[in-house]
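Report on the following structure.
The values are calculated or read from the model by the stated rules, or taken from the named source; none is laboratory data. Predicted model only: the values in this text are computed from it and were never measured. Glycine gets a Cβ as well: all are built from the backbone with ideal geometry, and neighbour counts include every protein chain shown.
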Number of protein chains: 2
Amino acid sequence: MISGYNFIGFDKRASGEKKVAAFSTVLKNNLPGEFSVATEKEIQEAVAKATTAFEIYQRTSFAERAEFLDTIADEIIQLGDALIERAHLESGLPEARITGERGRTVGQLKLFAALLREGSFVEAIIDTALPDRKPLPRSDLRRMMLPIGPVAVFGASNFPLAFSTAGGDTASALAAGCPVVVKAHGSHLGTNQLVASAIIRAAEKCNMPDGVFSSVIGAGSQPGQQLVKNPQIKAVGFTGSFSGGMSLFKAAINEREEPIPVYAEMSSINPVLVLPNKIKQDCDTIASQISASITLGVGQFCTNPGLLFVIKDENTDSFIQRLAQALQQVPAATMLNESICAAYHEERRQLLSQQGVTAVLHGDDAKNDFKGIASLAETSSENFRQNNALQNEVFGPTSLIVVCDNEADLKNTLQALKGQLTASIIGTVDDLKQFKNCADVLVQKVGRVIYNGLPTGVEVSHAMMHGGPFPATTFAHFTSVGTEAIKRFLRPVCYQDCPHEFLPDGLKDENPLHIMRKVNGEFTRDAM
Amino acid sequence: MISGYNFIGFDKRASGEKKVAAFSTVLKNNLPGEFSVATEKEIQEAVAKATTAFEIYQRTSFAERAEFLDTIADEIIQLGDALIERAHLESGLPEARITGERGRTVGQLKLFAALLREGSFVEAIIDTALPDRKPLPRSDLRRMMLPIGPVAVFGASNFPLAFSTAGGDTASALAAGCPVVVKAHGSHLGTNQLVASAIIRAAEKCNMPDGVFSSVIGAGSQPGQQLVKNPQIKAVGFTGSFSGGMSLFKAAINEREEPIPVYAEMSSINPVLVLPNKIKQDCDTIASQISASITLGVGQFCTNPGLLFVIKDENTDSFIQRLAQALQQVPAATMLNESICAAYHEERRQLLSQQGVTAVLHGDDAKNDFKGIASLAETSSENFRQNNALQNEVFGPTSLIVVCDNEADLKNTLQALKGQLTASIIGTVDDLKQFKNCADVLVQKVGRVIYNGLPTGVEVSHAMMHGGPFPATTFAHFTSVGTEAIKRFLRPVCYQDCPHEFLPDGLKDENPLHIMRKVNGEFTRDAM
């Protein structure tokens, strides 16, 4: 069933000599299937097909694109248990989690389909002509968002479905009207094969143009670089490591004649303030909740809380002990792949070896079993401020507690933080009032601020912001989760004095799509 | 009156040893005033003050910011004729044009003030909590746009008021809630001094924080680079040359720990299709209109039509001759500064020396008089496709006519175009129908497509798009003109389960700002 080819549009190709296998951290051996690494020619052909497909695909109606996305969702469900089992074996994530993630992936596709049917995402703005204005008349100006062209997508290791082949980047780019070339993640090649085949079946069923979707298999960074440097690729979606994201981001600026945006979601340690009155009131409960968030998915979430801030008082030590106890009860669990497991152990070792950092809970070394187990470290606010290495992400179930002297010290320490996806504030109403200035500092550092909750669990909705200042992402203006993610792949075009018959539907007087528009400064769905 | 200092917030500074003068291409001598080039320390202080000011300024109400912008406009008007005269002498632009540009600048500030009073620009999106949802409840998620921090602005040579010290970049950044540090353009140092003093007076009158605005004087690229590399600067607005823009853009990515967006509007030759039936019908009229657009402001507009496409038929030669005649009647006129004038003559020489390019109207060399005069060149479509140098911008009143064989040849040739701010299509209804495919190609290359009009004259309104694919700008998603320009300086932040009292006004249940919001997917101004 798993045959190991590249999808160059509707064609299946395996012309390259280099083959790779899918290793299972669960079974500790290679899974069935021999995967053919895409040749440079195959990558070029995929992009060439995407470029040709764009001519047709960008002119499909929103209803047609919505039908395509819905059909992809249906085809993914049709893959049945084979998908769940393969993704489990390739990622080490439990089947229940994979089943939930499939629901999220399918829901995400359907949410973008609904966004398309509603249609207002094109942000139509119309300023009508003022022929009698003095000293100069005003032209008729009508602006809306159009797709930018073929998009390259790099899936994440930690969400083999929801941030991968048919994940948020692919769904939002296809919704925008952009063909997609996915570089399959080396950790879930079989999962990619299954999902890519589902997308191709949906494209064929919906009469989408050959090239609207391709998937190429890479080994090492070379194929990804070839994809990003291809002049016909107009944007890149990436979720992964800081080094991987930055390498694509810099190549897209420095090694192309035309720089393109790389929307890379990279590195975040997601600070959590645990405030004094709350600790006093609910020590056990919040220790359990934080422990659960740190260890969820073996700590392999972009939003994993890797950094906790507390204020030193008579309850601090017992809170830290309760948290350590809770963490200690969580058994070691299989990590996503061999290299992530090795990196976790090395990053943890480096953190614990920093001056002024003490291990509250050391955790075992389980890397020979491809497993990770929780650790907890502690340091002072002064030490944290002085050592940037304490802000390095440890990708796995490890968190560092920074003990601050008082509110002023905490605020001062938060100012030293780099950009983050999220920050969380756990406190009573009194705490929140007292630490309002600290919350204000956090807002400037993050894309999402969470009150009395933990950062893991990212809702896919209209208001979600999954992004944030560098190094969390390369561009804080955009989100990679939720409907606003579509904006990464759209750009505005203004039509000046365009005869009505040549205007796109979104800008026609009668507003045939019935979308919300801004007409002469007023929001309306009315015809003009 | 013109004293030549840097505005470091409210302080006037001239501590540096290096002094520069303002040369007038009109008077052919230096104007009064000795301008003190900012030292590295002064630049650091300006940014430090902007950073401190941001803490206060980002929390000003929209009404307070609107009042500030309106007061800047009033203070600019209060400068009276002294401003008009100085800008005329420094830029070589006629007083009537400067007066018009002052109106545009003031109108732009007031338009952003109106945008602030309306308030919906923050794009509030609210998804309310679903506590009973299965399998997981949904948190309350509320997202809106917040200012990104201190912004550096580099004014343009060709709009000493509207794209400079108090121009669109400054107006939109201040409206967004971001303090601004302007690097004064070396071509209009006195104009900058006057306008900067008006902004400072407005800031003081409106009780804005010290540092909300600074202006530093540069000589060479060093001060600008220092500004862009300062870690506290969070975005850059730039209008100018390709080399200048790219140097800032690359420094902002490669020479900072935290990359920041440089919104550079750089280089565009603004193709104009002049279609056969229209030429047949209105040869003289369109020749006059195109000539006027090429020579407007001595061709020193970002939107200057530097490239014309025609289809070879029996009327082509006479159209080209009529255009040349019209251009020949336009007298030489003073250019913006010595180096732009020298560059114009050199760029024109290079264009005319390319293989297969013939001079229809050669134009005189008037560079010793700091003047420019119109030229017209002609080439074949094949030659154009084969020689990328024919797409180099000639900044001045020169245009290249590309003669195509037929519609297929035109379409093919348009596909070779680089990104542009604008494209124009001049044709009868029959022409537009026949050349629909060519228009479709153009839409993919540009930010604004103009029907039966010319690209010069950029409306400042809601629907304007003054931007476009590279190399026209560094980021095709954004405009530098019109109210949407504010989006460059805002980023989204999501508040999750935030207690009501800590929410910003834009996200409160009762919608105190009465702004348009997207609540659970529905657009509404209603309270919740």
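Condition first: among the hydrophobic types (A, V, I, L, M, F, W, C) and either at pLDDT 95 or above or farther than 17 Å from A:Phe23 by Cα (or both). Now tell me which residues in the range A:344-377 satisfy that.
Taking the range A:344-377 and keeping what is among the hydrophobic types (A, V, I, L, M, F, W, C), we get A:351-352, A:357, A:359-361, A:366, A:370, A:373-374, A:376-377.
Within the range A:344-377, A:Leu351, A:Leu352, A:Val357, A:Ala359, A:Val360, A:Leu361, A:Ala366, A:Ile373, A:Ala374, A:Leu376, A:Ala377 meet the criteria.
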Next item on the list: Please verify whether the range A:410-420 includes one or more residues that are within 14 Å of chain B (Cβ to nearest Cβ), over 30 Å from A:Ser172 (Cβ atoms) and crowded, with 22+ Cβ neighbours inside 10 Å.
Entry: yes
Note to self: For the range B:138-197, give me every one of the strands (runs of 3 or more DSSP E) that falls completely inside it and has 2 or more residues that are surrounded by fewer than 24 Cβ atoms within 10 Å (Cβ to Cβ).
What the structure shows: B:141-147
Note to self: Looking only at the range A:14-32, count every residue that is more than 28 Å from the chain's Cα centre (by Cα) and either closer than 23 Å to A:Ser214 by Cβ or of a type in the set (Asp, Glu) (or both) and tell me the total.
What the structure shows: 6
Next item on the list: Mind listing whichever residues of the range B:463-478 are more than 7 Å from every other protein chain (Cβ to nearest Cβ) and touching a Ser or Thr at 6+ places or on another chain (Cβ under 6 Å)?
Entry: B:His466, B:Gly467, B:Pro471, B:Ala472
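Name the residues in the range B:25-34 that are touching a Ser or Thr at 6+ places or on another chain (Cβ under 9 Å) and either assigned to a loop (DSSP other than H, G, I, E, B) or surrounded by 18 or more Cβ atoms within 10 Å (Cβ to Cβ) (or both), would you? Before the answer, list the steps.
To start, the set of residues in the range B:25-34 that are touching a Ser or Thr at 6+ places or on another chain (Cβ under 9 Å) comprises B:25-26, B:30-31, B:33-34.
Correct list: B:Thr25, B:Val26, B:Leu31, B:Gly33, B:Glu34.
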Check: If you check B:Val153 against the conditions, is it in the same structural domain as B:Arg104 (by TED's automatic domain parsing) and either modelled with pLDDT under 95 or closer than 23 Å to B:Phe301 by Cα (or both)?
Finding: yes
Check: How many residues are closer than 30 Å to B:Cys494 by Cα and without any contact (Cβ under 8 Å) to a residue 60 or more places away in the chain if we restrict to the range B:89-144?
Finding: 13
Next item on the list: Examine the range A:274-295 for a residue that is in contact (Cβ under 8 Å) with a residue 12 or more places away in the chain and closer than 25 Å to A:Leu490 by Cβ, and state whether such a residue exists.
Entry: no
Note to self: Please go through (1) surrounded by 24 or more Cβ atoms within 10 Å (Cβ to Cβ); (2) small (Gly, Ala, Ser); (3) at the interface with chain B (Cβ under 7 Å from one of its Cβ atoms); (4) assigned to a loop (DSSP other than H, G, I, E, B) for A:Gly447 and return the number of the only condition it doesn't satisfy.
What the structure shows: (4)
Checklist line | Residues of the range A:471-497 that turn out to be more than 13 Å from the chain's Cα centre (by Cα), under 26 Å from B:Thr422 (Cβ atoms) and either at pLDDT below 95 or not in a strand (DSSP E or B) (or both), as a count | finding: 4
Next item on the list: Look through the range B:255-273, keep the residues that are in a loop (DSSP other than H, G, I, E, B) and touching a residue at least 60 places away in the same chain (Cβ under 8 Å), and return whichever of them is surrounded by the most Cβ atoms within 10 Å (Cβ to Cβ).
Entry: B:Ser268
Note to self: Tell me yes or no: at least one residue of the range A:356-376 is within 28 Å of the chain's Cα centre (by Cα), buried (at least 16 other Cβ atoms within 10 Å of the Cβ) and within 14 Å of chain B (Cβ to nearest Cβ).
What the structure shows: no
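Can you tell me which residues in the range A:422-444 are hydrophobic (A, V, I, L, M, F, W, C), more than 8 Å from every other protein chain (Cβ to nearest Cβ) and not in a loop (DSSP other than H, G, I, E, B)? Break it down stepwise before answering.
Residues of the range A:422-444 that are hydrophobic (A, V, I, L, M, F, W, C), as a first pass: A:423, A:425-426, A:429, A:432, A:435, A:438-439, A:441-443.
Subsequent filtering for residues that are more than 8 Å from every other protein chain (Cβ to nearest Cβ) retains A:423, A:425-426, A:435, A:438, A:441-442.
If the condition is that a residue be hydrophobic (A, V, I, L, M, F, W, C), more than 8 Å from every other protein chain (Cβ to nearest Cβ) and not in a loop (DSSP other than H, G, I, E, B), then A:Ala423, A:Ile425, A:Ile426, A:Cys438, A:Val441, A:Leu442 are the ones that fit.
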Check: Which of (1) within 13 Å of chain B (Cβ to nearest Cβ); (2) buried (at least 22 other Cβ atoms within 10 Å of the Cβ) is the odd one out, the single condition A:Phe309 does not satisfy?
Finding: (1)
Note to self: Restricting to the range A:396-421, and then to whatever is within 29 Å of the chain's Cα centre (by Cα) and part of a loop (DSSP other than H, G, I, E, B), can you tell me which residue is nearest to A:Met465 (Cα to Cα)?
What the structure shows: A:Gly419
Notebook entry, point to check: Just wondering, is there one or more residues in the range A:200-215 that are out of contact with any Phe, Trp or Tyr (no Cβ under 9 Å at 6 or more places or on another chain), part of a helix (DSSP H, G or I) and within 15 Å of A:Gln78 (Cβ to Cβ)?
Noted result: yes
Next item on the list: Scan the range A:486-504 for residues that are touching a residue at least 60 places away in the same chain (Cβ under 8 Å) and over 27 Å from B:His514 (Cα atoms) and jot them down.
Entry: A:Arg488, A:Phe489, A:Leu490, A:Arg491, A:Val493, A:Cys494, A:Tyr495, A:Gln496, A:Asp497, A:Cys498, A:Leu503, A:Pro504
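Answer yes or no as to whether B:Ala252 is assigned to a strand (DSSP E or B) and over 28 Å from B:Ser61 (Cα atoms).
Numbers: assigned to a strand (DSSP E or B): no; over 28 Å from B:Ser61 (Cα atoms): yes.
No; evaluated as a whole, the condition is false for this residue.
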Checklist line | Which numbered condition A:Val182 misses (of (1) at pLDDT below 95; (2) more than 14 Å from every other protein chain (Cβ to nearest Cβ)) | finding: (1)
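Going by what's in this entry, would A:Pro231 be described as out of contact with any helix residue (DSSP H, G or I) (no Cβ under 7 Å at 6 or more places or on another chain), assigned by TED's automatic domain parsing to the domain that holds A:Ala50, of a type outside the set (Ser, Thr, Tyr) and surrounded by fewer than 24 Cβ atoms within 10 Å (Cβ to Cβ)?
Working: out of contact with any helix residue (DSSP H, G or I) (no Cβ under 7 Å at 6 or more places or on another chain): yes; assigned by TED's automatic domain parsing to the domain that holds A:Ala50: yes; of a type outside the set (Ser, Thr, Tyr): yes; surrounded by fewer than 24 Cβ atoms within 10 Å (Cβ to Cβ): yes.
It is true that A:Pro231 is out of contact with any helix residue (DSSP H, G or I) (no Cβ under 7 Å at 6 or more places or on another chain), assigned by TED's automatic domain parsing to the domain that holds A:Ala50, of a type outside the set (Ser, Thr, Tyr) and surrounded by fewer than 24 Cβ atoms within 10 Å (Cβ to Cβ).
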Item checked: Residue list for the range A:206-228, restricted to those being crowded, with 18+ Cβ neighbours inside 10 Å and either at positive phi or basic (Lys, Arg) (or both) -> A:Gly211
Check: Condition test on A:Val212, is it in contact with a Gly (Cβ under 9 Å, 6 or more places away or on another chain), β-branched (Val, Ile, Thr) and within 14 Å of chain B (Cβ to nearest Cβ)?
Finding: no
Check: If you take the residues in the range A:485-528 that are surrounded by 20 or more Cβ atoms within 10 Å (Cβ to Cβ), within 7 Å of another protein chain (Cβ to nearest Cβ) and charged (D, E, K, R), which one is nearest to A:Thr170 (Cα to Cα)?
Finding: A:Arg491
Note to self: For the list (1) at pLDDT 95 or above; (2) in a loop (DSSP other than H, G, I, E, B), I need the number of the one condition that B:Lys134 fails.
What the structure shows: (1)
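Scan the range A:391-405 and tell me whether some residue there is at positive phi and in contact with a helix residue (DSSP H, G or I) (Cβ under 9 Å, 6 or more places away or on another chain). Spell out how you get there, then give the answer.
The initial filter retains those residues of the range A:391-405 that are at positive phi, namely A:396.
Next cut, in contact with a helix residue (DSSP H, G or I) (Cβ under 9 Å, 6 or more places away or on another chain) only: A:396.
Yes - at least one qualifying residue is present in the range A:391-405.
Of the residues B:Ile56, B:Ile84, which is aliphatic (A, V, I, L, M), in a helix (DSSP H, G or I) and surrounded by fewer than 17 Cβ atoms within 10 Å (Cβ to Cβ)? First the steps, then the outcome.
Working: B:Ile84 fails: surrounded by fewer than 17 Cβ atoms within 10 Å (Cβ to Cβ).
Checking each option against the conditions leaves just B:Ile56.
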Check: Looking at (1) touching a helix residue (DSSP H, G or I) at 6+ places or on another chain (Cβ under 8 Å); (2) surrounded by fewer than 24 Cβ atoms within 10 Å (Cβ to Cβ), can you tell me which one B:Glu346 breaks?
Finding: (1)
